[in-house]
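Student: The structure's right below; bear with me while I get my questions together.
The values are calculated or read from the model by the stated rules, or taken from the named source; none is laboratory data. Because the structure is predicted, anything quoted here is derived from the model rather than measured. Counting neighbours? That spans all protein chains shown, and the Cβs are built from the backbone with ideal geometry, glycine included.
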Amino acid sequence: MNNRRRLNGEETWYRLREWSKGQAPAERLAGSVLHSEGYLSIDPSHPLGGPDGIKDLICNKDGVSWVGACYFPRGQKSFSTIKEKFLNDLEGIEKNNVHGLAFITNQELTLSERSQLKDLSTYQIEIYHLERLASLLNNPVNYGTRLEFLDIEMTSEEQLSFFAQRDQQLTSRIESFLSDMDNFKEVILNRAIQYEDREEEEISLAIEELIEKVWYNRHLVLRYKVENGIEKVNPEIWKGALSSAKRVEEKFGIENLGPYDDFEWGMLNGKLSALRWVLGDDWDMLDT
């Protein structure tokens with residue numbers, strides 16, 4: 001028995017045309033292909049079933065919002081059948097308030113047929129037909145997608161192509177980075193650096209703001225422990241702490257008081273430590 005795969009891209013072409021995996025994998029494959037084509041914020045509808053609002057997914061590209069429609073029957077269908085499905089999917093443009101339709105299908109479509117479909121609408125239309133899909137999936141960037149959805153592994157030749165493309169991309173990125181570094185150094189070294197001296201009063205005000213924000217974050221941690229019975233605080237002291245917290249919230253706005261990620265929290269404490277050092281405190285002086 002000869003299990004050798006078809007050559008010249010025909011295995012991909014054949015497995016797409018004879019699709020037997022159903023709608024959910026077809027929609028996921030469509031989403032992966034669109035992502036490789038530069039579409040972003042891909043949001044699938046209901047690949048496992050349910051009302052989808054005449055869309056299989058919503059996405060964006062170059063500032064334009066698109067609806068994606070997937071049509072993957074088994075075997076080649078007549079153009080009239082494909083056209084009927086396409087017309088139904090066109091309604092999804094206005095229904096979902098987008099500006100274009102990406103029609104992804106495993107059907108063969110001639111140039112004339114593609115033109116006829118595009119002429120059915122004044123909106124932007126992209127048609128990913130069988131030949132185009134096969135070509136994209138046989139590109140090194142989509143070898144993983146092809147393996148996942150069509151179970152087609154890389155040949156020896158494709159492995160060479162994959163690693164050659166990867167090395168080329170890596171080399172290009174390194175060269176771009178080195179060029180950017182050279183430009184950066186040239187700008188920095190050749191410009192006259194001018195610093196604006198700051199008055200002690202301005203620095204003191206900045207320190208005061210940082211102290212209040214650091215204290216407030218620490219207060220929230222303590223508040224959690226108190227409210228959950230982990231720690232106890234003298235009622236009078238706690239009453240004063242709550243009053244101070246409310247004053248900080250009113251002063252800065254609660255939306256400007258965190259929560260902070262690790263980097264933001266480190267920056268906040270680092271600024272406080274540095275400014276205090278400028279005014280004579282020791283490094284790492286973070287008492288609030």
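Student: Inside the stretch 217-236, can you point out the residues that are out of contact with any helix residue (DSSP H, G or I) (no Cβ under 9 Å at 6 or more places or on another chain) and within 21 Å of Leu286 (Cα to Cα)?
Tutor: Arg218, Val221
Student: List the pairs whose first member sits in the stretch 213-228 and is modelled with pLDDT of 90 or more, whose second member is among the hydroxyl-bearing types (Ser, Thr, Tyr), and whose Cβ atoms are under 8 Å apart, counting only residues at least 6 apart or on separate chains?
Tutor: These pairs meet every condition: Val214/Thr288; Trp215/Ser244; Trp215/Thr288; Asn217/Tyr260; Arg218/Thr288; His219/Ser244.
Student: Please find, within the stretch 217-234, the residue that is farthest from Leu272 (Cα to Cα) out of those that are part of a helix (DSSP H, G or I) and among the basic types (Lys, Arg).
Tutor: Lys225
Student: All but one of (1) within 19 Å of Phe149 (Cα to Cα); (2) at pLDDT below 95; (3) of a type outside the set (A, V, I, L, M, F, W, C) hold for Thr105, so report the exception by its number.
Tutor: Going through (1) within 19 Å of Phe149 (Cα to Cα); (2) at pLDDT below 95; (3) of a type outside the set (A, V, I, L, M, F, W, C) one by one, Thr105 breaks only (2).
Student: Still on this structure, I have one more. Considering each of Val187, Val233 in turn, give the residue that is of a type in the set (Val, Ile, Thr), surrounded by fewer than 11 Cβ atoms within 10 Å (Cβ to Cβ) and either within 26 Å of the chain's Cα centre (by Cα) or outside the structural domain of Leu16 (by TED's automatic domain parsing) (or both).
Tutor: Exactly one residue qualifies, and that residue is Val187.
Student: A further question follows. Going through the stretch 140-166 one residue at a time, which ones are of a type in the set (S, T, N, Q), closer than 16 Å to Leu7 by Cα and surrounded by fewer than 15 Cβ atoms within 10 Å (Cβ to Cβ)?
Tutor: Thr155, Ser156, Gln159
Student: Going residue by residue through the stretch 106-121, is there one that turns out to be surrounded by fewer than 19 Cβ atoms within 10 Å (Cβ to Cβ), touching a strand residue (DSSP E or B) at 6+ places or on another chain (Cβ under 8 Å), without any contact (Cβ under 8 Å) to a residue 60 or more places away in the chain and of a type outside the set (S, T, N, Q)?
Tutor: Within the stretch 106-121, one or more residues are surrounded by fewer than 19 Cβ atoms within 10 Å (Cβ to Cβ), touching a strand residue (DSSP E or B) at 6+ places or on another chain (Cβ under 8 Å), without any contact (Cβ under 8 Å) to a residue 60 or more places away in the chain and of a type outside the set (S, T, N, Q).
Student: Taking Gly266, is it surrounded by 10 or more Cβ atoms within 10 Å (Cβ to Cβ), in a loop (DSSP other than H, G, I, E, B) and within 36 Å of the chain's Cα centre (by Cα)? I'd like the intermediate steps shown before the answer.
Tutor: Working: surrounded by 10 or more Cβ atoms within 10 Å (Cβ to Cβ): yes; in a loop (DSSP other than H, G, I, E, B): no; within 36 Å of the chain's Cα centre (by Cα): yes.
The answer is no for Gly266.
Student: Check Ile152 against each of (1) outside any loop (DSSP other than H, G, I, E, B); (2) touching a helix residue (DSSP H, G or I) at 6+ places or on another chain (Cβ under 7 Å) and name the one condition it does not meet.
Tutor: Among (1) outside any loop (DSSP other than H, G, I, E, B); (2) touching a helix residue (DSSP H, G or I) at 6+ places or on another chain (Cβ under 7 Å), the lone unmet condition for Ile152 is (1).
Student: Could you grab me the full set of residues in the stretch 235-258 that are in contact (Cβ under 8 Å) with a residue 40 or more places away in the chain and outside any helix (DSSP H, G or I)?
Tutor: Selection gives Leu257, Gly258.
Student: Right, next: Just a yes or no: is a residue in the stretch 215-222 closer than 30 Å to Trp13 by Cβ, in contact with a Ser or Thr (Cβ under 8 Å, 6 or more places away or on another chain) and surrounded by 10 or more Cβ atoms within 10 Å (Cβ to Cβ)? Talk me through it step by step, then tell me what you get.
Tutor: Start the filter on the stretch 215-222 by keeping residues that are closer than 30 Å to Trp13 by Cβ, which leaves none.
No, every residue in the stretch 215-222 fails to be closer than 30 Å to Trp13 by Cβ, in contact with a Ser or Thr (Cβ under 8 Å, 6 or more places away or on another chain) and surrounded by 10 or more Cβ atoms within 10 Å (Cβ to Cβ).
Student: Separate question: In the stretch 76-107, what residues are of a type in the set (S, T, N, Q), more than 25 Å from Glu10 (Cβ to Cβ) and not in a helix (DSSP H, G or I)? So that I can check it myself, show each step before the final result.
Tutor: To start, the set of residues in the stretch 76-107 that are of a type in the set (S, T, N, Q) comprises 76, 78, 80-81, 88, 96-97, 105-107.
Retained after the next criterion (residues that are more than 25 Å from Glu10 (Cβ to Cβ)): 80, 88, 96-97.
Matches in the stretch 76-107: Asn96, Asn97.
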